[in-house]
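Worksheet: the structure to be examined is printed underneath.
The values are calculated or read from the model by the stated rules, or taken from the named source; none is laboratory data. It should be emphasised that the depicted structure is a prediction, and the values quoted were computed from it without experimental measurement. Note that we place each Cβ from the backbone using ideal geometry, even for glycine, and neighbour counts take in every protein chain shown. Surface accessibility is based on the protein's heavy atoms, side chains included, excluding ligands, DNA and RNA. Shrake-Rupley method; radii C 1.70, N 1.55, O 1.52, S 1.80 Å.
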Amino acid sequence: MTEITAEEIARHYSAAMDSVNLLNAGKPEKMTDEDWADTVKRNKEHLKIMLAKDFWTNENLAPLQAAAQ
């Protein structure tokens, strides 16, 4: 397996936090309920995939865990 760099870990963490922030912001006013449900599903799945990675070092994964619920 290829070793992941600290920069790559930071990018993964930033992308995961984008999902957390999107979920925490709630449904945008002009988005349909169906589109929002799909968005929630995709972002929670993304977070679950990221949480399963074994490359994390000292990143705070609590926000990812909470949003993935």
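Looking across the stretch 34-62, just one residue is closer than 20 Å to T2 by Cα, within 11 Å of the chain's Cα centre (by Cα) and open to solvent by 60 Å² or more (accessible area, probe 1.4 Å), and that is I49.
Taken over the stretch 7-28, the criterion of being farther than 22 Å from Q65 by Cβ and either part of a helix (DSSP H, G or I) or at pLDDT below 95 (or both) is satisfied by E7 alone. Could you check, for the stretch 41-60, whether at least one of its residues is more than 15 Å from H12 (Cα to Cα) and among the hydrophobic types (A, V, I, L, M, F, W, C)? No; the residues of the stretch 41-60 include none that is more than 15 Å from H12 (Cα to Cα) and among the hydrophobic types (A, V, I, L, M, F, W, C).
Summed over the stretch 14-28, the residues that are open to solvent by 50 Å² or more (accessible area, probe 1.4 Å), of a type outside the set (A, V, I, L, M) and within 13 Å of the chain's Cα centre (by Cα) give a count of 4. Applying the selection to the stretch 13-36, what residues are of a type in the set (G, A, S), under 24 Å from F55 (Cβ atoms) and touching a helix residue (DSSP H, G or I) at 6+ places or on another chain (Cβ under 9 Å)? Answer for the stretch 13-36, where residues must be of a type in the set (G, A, S), under 24 Å from F55 (Cβ atoms) and touching a helix residue (DSSP H, G or I) at 6+ places or on another chain (Cβ under 9 Å): A15, A16, S19. Taking the numbered list (1) of a type in the set (A, V, I, L, M); (2) surrounded by 13 or more Cβ atoms within 10 Å (Cβ to Cβ); (3) part of a helix (DSSP H, G or I) in turn, M31 passes all entries but (3).
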